[in-house]
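Reading through the structure tokens given below for one structure.
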Amino acid sequence: MPNTRGMSQYADGGVVATKPYVSSGSYINKMRDYCKSCKYDVKKKTGENACPFNSLYWNFLSEKKDYFKNNQRMNMMMSVLKKMDNEKLEAHQKQAEKIIREPDKF
């Protein structure tokens, strides 16, 4: 239980799990068939009917970028984040803020 709890919540700050167990919609879609019956479009990154996991994922990485900058297991995603167009990242952040502020309305 401590291992799975530590991974899922990143509760130990990386002691047990060196990488947070977070993902975008595309990873969820790849690993399971949850997206087939979902009202959100997993391929849509922002905007109406976009999968909320996409914006939440990039927002999380952006908020924690200083924390993860030296984490070797996060190098690839930190590189993608660094190369991301500012407008695209801002769109993710705005959408994530809406989801976090009012999750029942999204």
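For Asp41, the amide hydrogen comes within under 5 Å of the amide hydrogens of Ala50, Cys51, counting only partners 5 or more places away or on other chains and with H modelled in the peptide plane.
Taking label points 7 Å from Cα along the Cα-to-Cβ direction, Ile100 and Arg32 give a separation of 2.4 nm.
If you take all other residues with their beta carbon under 13 Å from the beta carbon of Cys51, and give Lys and Arg +1 and Asp and Glu -1, the sum is +4.
In this structure the amide hydrogen of Ser24, modeled in the peptide plane, comes within under 5 Å of no amide hydrogen from residues 5 or more places off or on another chain. Of the peptides 82-94, 39-51, the ranking by mean beta-carbon count within 10 Å, highest at the top, reads 39-51, 82-94. Separation of the alpha carbons by more than 28 angstrom is noted, of Lys39/Lys83; Lys69/Lys94; Lys43/Lys94, for Lys39/Lys83.
Counting only other residues whose beta carbon sits under 13 Å from that of Lys30, what net charge do I get with K and R as +1, D and E as -1?
On the way: positive: Arg32, Lys36, Lys43; negative: Asp33.
Residues close to Lys30 contribute a combined charge of +2.
None of the figures in this text is laboratory data; all of them are computed from the coordinates on show. On a predicted model such as this, the values are computed, not experimentally measured, just so you know. A quick note on method: Cβ atoms are made from the backbone with ideal geometry, for glycine too, and the neighbour counts reach across all protein chains shown.
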